[in-house]
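What follows is a set of notes on a single structure, which appears directly below.
Please treat every number below as a calculation from the coordinates, not as lab data. These numbers were taken from a predicted model, which means no experiment stands behind them. Using ideal geometry, Cβ is built from the backbone for each residue, glycine included, and neighbour counts are taken over all protein chains shown.
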Amino acid sequence: MNSQEVDPSRRPDVPSNKAPPAKSGGRRRHWSEPLRNQTAVVLLVVLVIAGSLLSDVFLTPRNLLNILWAVSLLGIVSLGQTVLLLTARFDMSVAGVVGLAGIVTVLAQINGFGLIASIGFGLGSGVLVGLCNGVLVLATGANPFLVTLAVNLLVYSLALSLTESKTLYATIPEFNLIGRGQLFGFLHYSVIVFLALAVGLEFVLRRTIPGRTIYVAGLNEVAGRLSGLRLQITKLSAFVLCSGLAALTGIIMTSRINSTIASSGFGMEFDSIIAAVLGGTSLFGGRGGTLRTIVGVVVLGVINNLLVLLNVPSEAQQIAKGLVFLAVVLADSALRRS
Amino acid sequence: MKRLLGLLENHSAALLVFGLVIAFGSSAPATFLTGSNFENIARQISLDAPMVFGQMVVLIAGGIDISVGSTMAMAASLAIGLQPYGTPVAVLGALGFGLGVGIVNGLLVTKGKIVAFVATLGTMSLVRGLLLTYTGQASLVGIDPAFTFWGDGQIGPVPVSFLVVLAMLLGLYALLGHLRQGRNLYAIGGNKDAAFLGGVSVNKGLMLAFMLSGLMAAVSGVLVASRLNSASVQLGADAPLMSISAALIGGASLFGGKGSIIAAFFGVLALGILNNGMNLLGVPTYTQIAVRALILITIVVIDALATRLRRAELDNARILE
């Protein structure tokens with residue numbers, strides 16, 4: 001990690017100094033230049049056009065709101081994953097945390113705690129797992145992928161032992177409002193939380209020192225350290241944020257159906273990475289942002305929605321997801337080399 | 001400290017096997033220390049061993065293969081599902097599929113320049129989708145009783161699958177220890193650039209490693225299908241972590257260039273004895289999951305610390321010169 005070289009093409013918002021277009025007067029900008037890094041937007045436009053041609057109900061406000069509602073939970077997880085990806089690290093334990101946080105919240109309610117306190121316990125469980133991930137990875141330099149994958153198993157086994165492999169039901173009626181309630185009668189709270197978090201995090205990432213430090217941590221740790229940035233605490237915060245948002249997702253998910261099981265978050269670890277990378281956040285740190293992740297998540301949602309509308313068996317969605325992921329990663333890799 | 005880390009890193013598998021046998025042997029001597037139980041362990045690890053060998057080969061070459069689990073499950077489904085066309089076709093189809101996944105992984109890494117674990121994460125997702133579509137999430141049941149010979153049969157007291165594993169062990173031992181193609185894998189894993197400058201074809205080596213890994217995962221799949229005479233989509237869910245754990249316990253490193261097939265065998269043996277012992281002692285499932293997770297965290301951390309120490313030493317040596 002500490003011998004990372006600065007690759008100009010990976011700097012965010014800094015024009016590459018390799019071939020400035022002004023200097024090479026004869027070289028015209030390629031027509032696709034404004035579209036670079038925007039694979040997901042292009043994909044989204046294509047999908048929406050295809051969708052409106054293939055299905056009558058696709059472009060109805062109701063269906064579009066449904067798509068947003070369906071992806072908002074994965075979206076919140078993906079936002080945390082995006083921030084962590086910017087530091088060139090991953091969190092595979094979000095799947096377990098989604099399950100654990102819901103279970104802790106419901107268990108707190110069963111044991112007589114109030115609404116706010118029970119949600120606090122749920123979020124706290126996520127924060128603790130994030131701290132555990134961060135300390136393990138940052139203190140030892142161990143592979144974050146495998147460490148968090150193993151922590152995921154630990155969290156899952158903890159959730160299993162807490163529930164004794166049963167389904168748990170929430171006991172406070174108002175709790176259900178969080179997941180079911182709608183603003184103005186059509187906008188679900190989870191959609192608002194997702195969009196607000198994405199905008200808020202983008203602002204923090206772009207305009208504040210801790211946010212910029214996240215990019216530096218992913219791009220060039222040595223330079224960051226020599227500049228006196230507080231890298232370790234920033235990276236630890238990224239882990240905590242990622243787990244915390246996963247816990248929030250678990251709580252909202254639980255409140256939607258008023259019950260929870262240990263495996264409720266399964267698959268979200270991969271899907272959140274796919275969504276973030278699809279949006280244009282690099283797997284190698286330092287490039288991307290949370291607004292992009294909205295697009296990535298929506299593309300995944302639109303693909304699923306279209307496959308359902310076209311009566312494609314649900315199993316094929318997994319194939320589509322895999323193909324889209326590989327295509328995006330290949331494009332990302334080709335882009336970095338060009 | 002340095003010696004301790006080195007000892008833990010290089011002989012952890014043998015130490016673990018030794019320790020586990022003593023621990024389980026003393027806590028449940030009547031059930032653990034019996035001939036039929038050892039036969040059980042041999043049967044169980046024979047199903048996992050080929051996949052772990054494949055993972056070891058990839059790790060030596062500095063890669064990692066996350067797709068082994070879904071490849072194994074798909075190979076098992078093909079070995080059962082294609083039986084109407086004849087068992088040889090089914091087995092060849094399954095092995096061919098594994099080889100195909102390996103080729104795709106290899107191409108993504110060498111030609112697509114994608115980091116190994118990202119590429120294999122993608123193929124994992126893709127193969128999982130193929131598996132779900134092919135099986136429709138239903139369990140498949142075999143129609144050829146003779147097929148169960150490979151996973152379930154035995155010659156004298158020795159399970160046939162164990163003999164298959166021993167044969168692979170010898171073949172891979174020869175490849176990695178004595179053939180140029182195999183020795184090149186260590187060079188590639190140790191330092192890709194140096195290997196390239198030394199005239200080693202890095203891409204060819206990586207292709208070989210991923211192809212072997214895909215093929216071996218398929219062998220595991222065929223053996224599992226033969227043992228159960230059925231296949232389901234749940235197969236291989238914990239295989240990526242299990243195979244990586246076993247290979248790392250066997251002295252491989254996530255940083256490449258280290259490990260051997262014999263050690264991989266000890267790694268899979270250690271995990272097999274651990275599972276068997278925990279089952280005999282009636283340890284609850286979730287505690288077993290937690291134990292396996294803790295073991296993985298421990299070895300990944302040891303691997304990282306030992307590598308850091310070794311690099312620091314190299315830097316010191318360079319300064320002294």
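Legend: calculated FRET efficiency, residue B:178 to residue B:203, from the Cβ-Cβ distance at R0 = 30 Å, rounded to 0.05, equals 0.85. The simple spin-label model puts a point 7 Å past each Cα toward its Cβ; for residue B:26 and residue A:116 those points are separated by 5.5 nm. Look at where the Cα atoms of the stretch B:275-299 and of the stretch A:141-220 average out, and the two centres are 28 Å apart. With r defined as the distance between the Cβ atoms of residue A:164 and residue A:131 and R0 fixed at 30 Å, what FRET efficiency is calculated, to the nearest 0.05? Efficiency, rounded to the nearest 0.05: 0.65. Convex hull volume of the C-alpha atoms in the protein assembly as shown, normalised per residue: 191 Å³.
Computed extension gain for residue A:336 through residue A:323, at 0.36 nm per residue and net of the alpha carbon distance, reaches 2.7 nm.
Here the Karplus relation 6.51 cos²θ - 1.76 cosθ + 1.60, evaluated at θ = phi - 60°, turns the backbone of the stretch A:49-57 into coupling constants of 4, 4, x, 5, 6, 7, 9, 6, 8 Hz, with x for every Gly and Pro. Scattering from the C-alpha atoms of the stretch A:214-338 alone, worked out with Debye: what is log10 I(q)/I(0) at q = 0.12, 0.15, 0.18, 0.22 1/Å? Debye curve over Cα of the stretch A:214-338, log10 I(q)/I(0) at q = 0.12, 0.15, 0.18, 0.22 Å⁻¹: -0.60, -0.89, -1.14, -1.34. Distance between the pseudo-spin-label points of residue B:166 and residue A:45 (7 Å out from Cα toward the beta carbon): 6.6 nm.
Within chain A, the longest segment free of exposed loop sites, counting GluC sites (Glu not before Pro) that fall outside DSSP classes H, G, I, E and B and have at most 11 other Cβ atoms within 10 Å, spans A:175-338. When each full DSSP H helix of chain B is screened for a Cα extent of at least 20 Å along its own axis and an average Kyte-Doolittle hydropathy of at least -1.0, the helices passing are B:2-27, B:35-60, B:87-110, B:116-135, B:160-178, B:202-228, B:261-280, B:285-320.
Compute the long axis of helix A:231-257 from its Cα atoms, compare it with the longest principal axis of the Cα atoms of chain A, and write down the angle in degrees, 0 to 90, nearest 10. Roughly 50 degrees, rounded to the nearest 10. The helix-only estimate of mean residue ellipticity at 222 nm for the protein assembly as shown, built from DSSP H runs of length n ≥ 4 each weighted as -39500 (n - 2.57), is -24500 deg cm²/dmol after division by the residue total.
Of the trypsin sites (Lys or Arg not before Pro) found in the stretch A:197-292, those that fall in a DSSP loop while having at most 16 other beta-carbon atoms within 10 Å are A:230. Taken over chain A, the percentage of Cα pairs per 10 Å bin, counting from 0 up to the bin with the maximum distance, is 6, 24, 32, 24, 11, 2, 1, 0. Measuring gaps between exposed loop sites in chain B (trypsin sites (Lys or Arg not before Pro); DSSP loop; at most 15 other Cβ atoms within 10 Å), the longest gap, sites not included, is B:114-321.
Over chain B, the alpha carbon radius of gyration divided by the compact-protein estimate 2.2 N^0.38 Å works out to 1.00. Shape analysis of the stretch B:13-156 based on the Cα gyration tensor places the equivalent ellipsoid semi-axes at 31, 24, 12 Å, largest first. Close amide H contacts of residue B:250 (hydrogens built in the peptide plane, cut-off under 5 Å, sequence separation of 5 or more or a different chain): B:267. The angle separating the long axis of helix A:94-110 from the principal Cα axis of greatest extent in chain A is about 30 degrees.
Modelled label positions at residue A:209 and residue B:287, each set 7 Å beyond Cα in the direction of Cβ, lie 5.0 nm from each other. Estimated at 0.36 nm per residue, the fully extended path between residue B:230 and residue B:298 surpasses their Cα-Cα distance by 21.0 nm. Pop the C-beta distance of residue B:92 and residue B:238 into the FRET formula with R0 = 35 Å and round what comes out to the nearest 0.05. So, using R0 = 35 Å, E works out to roughly 0.80. Database remark: amide H of residue B:154 closer than 5 angstrom to the amide H of B:160 (H placed geometrically; neighbours at sequence offset of 5 or more, or on other chains; Pro and chain starts carry no H). Near residue A:259, the amide H atoms lying under 5 Å from its own belong to A:170; only residues 5 or more places off or on other chains count, and H is placed 1.01 Å from N. Distance cut-off 32 Å, Cα to Cα: go down the list B:113/B:258; A:166/A:235; A:166/B:258; A:321/B:258 and report the pairs above it. Flagged as over cut-off: A:166/A:235; A:166/B:258; A:321/B:258.
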